[in-house]
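The values are calculated or read from the model by the stated rules, or taken from the named source; none is laboratory data. The structure presented is a predicted model; accordingly, all values stated were derived computationally and were not measured. Note: ideal-geometry Cβ built from the backbone for every residue, glycine included; neighbour counts use all protein chains shown. In case anyone asks, the SASA skips ligands and DNA or RNA and just uses the protein heavy atoms, side chains included. Shrake-Rupley method; radii C 1.70, N 1.55, O 1.52, S 1.80 Å.
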Amino acid sequence: MTIPDGILKREERVLLALRALYRQNGYTQYKMRKFEEYDLYADNRDFLVSGSVITFHDTDGKLLALKPDVTLSIVRSGRDEPDTVQKVYYQENVYRVAGYSRSFREIMQAGVECIGAVDACQLAETLFLAAKSLSLISGKSVLALSHLGAVSRIMELAGLGRDDQRLALGFISRKSLHELSSLCKEKNTQSEAAAGLLKLAGLSGSPEEVLPVLEEIGCSREAGELKRVTDALKNTDVYASVRIDFSVVNDPAYYNGLVFQGYVDGIPERVISGGQYDRLMRKMGRQANAIGFAVYLDTLEHLEDSPAPDADILLVYPAGSDASAVLGAARKLQAQGKSVSCMTRVPQSRRFGQVAALTAEGDVRYES
Amino acid sequence: MNLSIALPKGRLGEKVYTRFAEAGYPCPDVLSESRKLIFDNRELSARYFWAKPSDVAIYVERGAADLGVAGKDILLEYEPDVLELADLGTGNCRMCVASMEGFLPDEQRTLRVATKFSRIATAYFAKKGRDIELIQLNGSIEIAPIIGLSDVIVDIVETGTTLRENHLAVLETIMPISARLIANRASYFFRKGQMDALASALSGKE
């Protein structure tokens, strides 16, 4: 069955395309229930996009939550099986504080999780899926990739303590090189280490531009890891959208290694967020490694053009007209591929592509 | 327009606009006396608009502007999710704790703090381990200790003239403040070349 143009909203069209993409790559759908025990989120509050959760008591008094996140449920429900990989995708409504109003919203979210023996091949595949997901949303997108290992290494080389590392991470994520420079001066960081830190914070560009500099400042291992996964994307149609940029920072208490965010021109916030979350796995008692990402489908609203009309044609018929004549005229228009709404007058509060009048003789006359 | 820039209304915005113009982004009518708020330079595909200084970060965070100029005080108070590309080294002032001349805090009592900057004040006194009662005001903060509404105020001090004329004095400086060039995160990835060049030019690093 083909669905005529204009029936599906952008978000729905993208969702169908994402499902096809994930299935094509061997991911199976993960279905979860709407509620989870609140403790799951209370124990991992910082992992959530927003810390707030909608809670309520079950009939037995147990405190439940409307799920604000999917990854935690997937991690909790899985089992470690050595040398295998669990690959799932999901499309779920989540309930969390979102948008600039900072109030609770129901948000359609899609995503993939790859859990188990995650090797360079799985990492590259996940990055490919993230970049491809962006390309299904828009032809102008960027997958910004970072490596938390490189950020930690450079901060350690600069001799920053734990509190200062937290401060520095904030400056790196905001590209505040001036603040970072002041911090280094205040902490008497050796000039070479400070220069390395500032270079890392300012890095942004293609793998070819960024990786040699990353090696130069003492992050050969991380540069090698980034090279392996980005090289694997070189022969794909998404490679041009890959940038390495260290302003992409996820919470190091949960994430390690590769982290990334996806952006689309015209959407003022990130559309995709993801990374390796081995540390979350350990916190939840799992031995397996993991990488995944979420696609925030609510952000696609920013791309909506002018609102679609309620129908292509409003067919206005004289009150008391013969019903079969009205419906017959409407069916003729529908046969031409138009959507038609029949009414006796033009309502004020609705939009139509064209307004046509059905005459007493059964003719359709379009109004200019 | 390819590049949209939010400027803070007032002297700081006018000064900063001149630097944008010198950096290759002029738009002659911006400094005209008219009540117009939005100005386009079609040749450069650039747009400027005037906004309330405390709102500039909101325009940038939400992508209504690609770039903007906001005080560090606003960035610390509202914590917008934006990039901070340069310290423009202008609009310099200090965030201070001030009170009546000769004021001595009573360590046994909760300190009453009047301010517009509740997040900054709360964080500052929490770091010092001091219990405070926060009094959120939206303007004329200086009168709070004079009429006994608060013990101290947390506010921006530029020259200190207003404080002196009201027999108030700075007790502590919390941090120096200056104007910053901020950018929308998503927009940065699609206009990086322009934004980096502007940041370098505006911070004098060309």
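Here are a few things to note about the model shown:
- Options A:G202, A:G139, A:G161; residue that is loosely packed, with under 15 Cβ neighbours inside 10 Å and within 14 Å of chain B (Cβ to nearest Cβ): A:G139
- B:T115 being open to solvent by 20 Å² or more (accessible area, probe 1.4 Å), free of Cβ contacts under 8 Å to residues at least 60 places away in the same chain and of a type in the set (S, T, Y): no
- The selection criterion, being assigned by TED's automatic domain parsing to the domain that holds A:M281 and surrounded by fewer than 18 Cβ atoms within 10 Å (Cβ to Cβ), holds for A:N93.
- Considering region B:80-97, and only residues there that are facing chain A (nearest Cβ under 10 Å) and charged (D, E, K, R), the residue that is nearest to B:I182 (Cα to Cα) turns out to be B:E84.
- For region A:257-266, the set of residues classified as surrounded by fewer than 21 Cβ atoms within 10 Å (Cβ to Cβ) and either without any contact (Cβ under 8 Å) to a residue 40 or more places away in the chain or at negative phi (or both) consists of A:D265 only.
- Extreme residue, farthest from the other protein chains (Cβ to nearest Cβ), among residues of region B:153-176 that are buried (at least 23 other Cβ atoms within 10 Å of the Cβ) and either among the hydrophobic types (A, V, I, L, M, F, W, C) or not in a strand (DSSP E or B) (or both): B:L168
This table checks each residue for (1) farther than 30 Å from B:A86 by Cβ; (2) assigned to a helix (DSSP H, G or I).
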{"residue": "A:R76", "(1), (2)": "yes, yes"}
{"residue": "A:P82", "(1), (2)": "yes, no"}
{"residue": "A:V88", "(1), (2)": "yes, no"}
{"residue": "A:T126", "(1), (2)": "yes, yes"}
{"residue": "A:L134", "(1), (2)": "no, yes"}
{"residue": "A:R153", "(1), (2)": "no, yes"}
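- Just so you know, in region B:84-109 the residues that are in a loop (DSSP other than H, G, I, E, B) and under 14 Å from the mean Cα position of the chain (by Cα) include one that is surrounded by the most Cβ atoms within 10 Å (Cβ to Cβ), and it is B:G91.
- Scope region A:240-281; condition within 14 Å of another protein chain (Cβ to nearest Cβ) and assigned to a strand (DSSP E or B); matching residues: A:V242, A:R243, A:I244, A:D245, A:F260, A:Q261, A:G262, A:Y263, A:V264, A:I272, A:S273
- Scanning region A:230-242 for residues that are of a type outside the set (K, R) and out of contact with any Cys (no Cβ under 9 Å at 6 or more places or on another chain) yields A:T230, A:D231, A:L233, A:N235, A:T236, A:D237, A:V238, A:Y239, A:A240, A:S241, A:V242.
- On the stretch given as region A:40-99, residues that are over 18 Å from A:L297 (Cβ atoms), touching a Ser or Thr at 6+ places or on another chain (Cβ under 9 Å) and aliphatic (A, V, I, L, M) total 4.
- The one condition in (1) outside any helix (DSSP H, G or I); (2) open to solvent by 40 Å² or more (accessible area, probe 1.4 Å); (3) not basic (K, R) that A:A20 fails to fulfil: (1)
- Those residues of region A:170-197 which are open to solvent by less than 50 Å² (accessible area, probe 1.4 Å), of a type outside the set (D, E), under 30 Å from the mean Cα position of the chain (by Cα) and within 14 Å of another protein chain (Cβ to nearest Cβ), in sequence order: A:G170, A:F171, A:I172, A:S173, A:K175, A:S176, A:L180
- Number of the condition not met by A:N25 [criteria: (1) in contact (Cβ under 8 Å) with a residue 40 or more places away in the chain; (2) open to solvent by less than 30 Å² (accessible area, probe 1.4 Å); (3) in contact with a helix residue (DSSP H, G or I) (Cβ under 9 Å, 6 or more places away or on another chain)]: (2)
- Count of region B:180-206 residues, restricted to those that are at the interface with another protein chain (Cβ under 8 Å from one of its Cβ atoms), in a loop (DSSP other than H, G, I, E, B) and surrounded by fewer than 20 Cβ atoms within 10 Å (Cβ to Cβ), is 1.
- The set of residues in region A:273-312 that are touching a Phe, Trp or Tyr at 6+ places or on another chain (Cβ under 8 Å), open to solvent by 60 Å² or more (accessible area, probe 1.4 Å) and under 26 Å from A:I115 (Cα atoms) comprises A:R279, A:K283.
- Filter result for B:E61 (within 23 Å of B:I174 (Cα to Cα), open to solvent by 20 Å² or more (accessible area, probe 1.4 Å) and within 14 Å of chain A (Cβ to nearest Cβ)): no
- Boolean, A:L297 is more than 14 Å from chain B (Cβ to nearest Cβ) and either under 30 Å from B:S4 (Cβ atoms) or touching a helix residue (DSSP H, G or I) at 6+ places or on another chain (Cβ under 6 Å) (or both): yes
- Residue check for A:A42: of a type in the set (A, V, I, L, M), in contact with a strand residue (DSSP E or B) (Cβ under 7 Å, 6 or more places away or on another chain) and either open to solvent by 20 Å² or more (accessible area, probe 1.4 Å) or more than 30 Å from A:A124 (Cβ to Cβ) (or both): no
- Answer residue from region B:28-45, given it is under 23 Å from the mean Cα position of the chain (by Cα) and open to solvent by less than 80 Å² (accessible area, probe 1.4 Å) and is nearest to the other protein chains (Cβ to nearest Cβ) among those: B:F39
- Among the candidates A:E208, A:E222, the residue that is away from chain B (no Cβ under 13 Å), assigned to a helix (DSSP H, G or I), surrounded by fewer than 18 Cβ atoms within 10 Å (Cβ to Cβ) and out of contact with any Lys or Arg (no Cβ under 6 Å at 6 or more places or on another chain) is uniquely A:E208.
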